[in-house]
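Colleague: Take a look at this one; I'll ask things after.
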Amino acid sequence: MINNKLIENFYSASVLVFHMLIIKCSKCKRKIYKYVKIGKGQLIRCWKNRIVEDNCIVEGKIIKCACGNIIGTDEGNFIKIKSSAIIISGTKQ
Ligand SMILES: [Zn+2]
């Protein structure tokens, strides 16, 4: 008996695209995160285990830039990103 789910997972894993993104503050253009994004689509969450470089300021659950701009909120395993507060640049790896 062939496990279809297993084949599906294997197939999707083989077509994954990794992007190294630089996430900057939209106000002062400081670099906030260097982040590895998997796949296409809008950046809504930043998974903590994929953040390579971290320059943010943490105030409880609020994630800020050094200039005071609120970047997002800490949701445990990930940062929920406020998309209007950031600028994303990056290269395909
Ligand atoms: Zn800033």
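Colleague: Sort out for me the strands (runs of 3 or more DSSP E) sitting completely within region 36-93 that have 1 or more residues that are away from the ligand (no atom under 16 Å from the Cβ) and among the acidic types (Asp, Glu). Before the answer, list the steps.
Modeller: Details: elements: 45-47, 51-54, 57-59, 62-64, 70-74, 78-81, 86-92.
The qualifying strands (runs of 3 or more DSSP E) are 70-74.
Colleague: Moving on. In contact (Cβ under 8 Å) with a residue 12 or more places away in the chain, touching a Gly at 6+ places or on another chain (Cβ under 6 Å) and surrounded by fewer than 17 Cβ atoms within 10 Å (Cβ to Cβ): which single residue out of Lys82, Lys40 fits that description?
Modeller: Values: Lys40 fails: touching a Gly at 6+ places or on another chain (Cβ under 6 Å).
Just one listed residue meets the conditions, Lys82.
Colleague: If you don't mind, there's one more thing I want to ask. Give Lys27, Lys34, Lys61, Lys5 a once-over and let me know the one that is of a type outside the set (Val, Ile, Thr), farther than 15 Å from Ile88 by Cα and at pLDDT 95 or above.
Modeller: Within the list Lys27, Lys34, Lys61, Lys5, the selection yields Lys61.
Colleague: Need the failing condition index for Val17 against (1) modelled with pLDDT under 95; (2) within 16 Å of the ligand (Cβ to nearest atom), just the number.
Modeller: All conditions pass for Val17, except number (2).
The values are calculated or read from the model by the stated rules, or taken from the named source; none is laboratory data. The structure displayed is predicted, hence computed values, not measured ones. With ideal geometry, Cβ positions are generated from the backbone for all residues, glycine too; neighbour counts draw on all protein chains shown.
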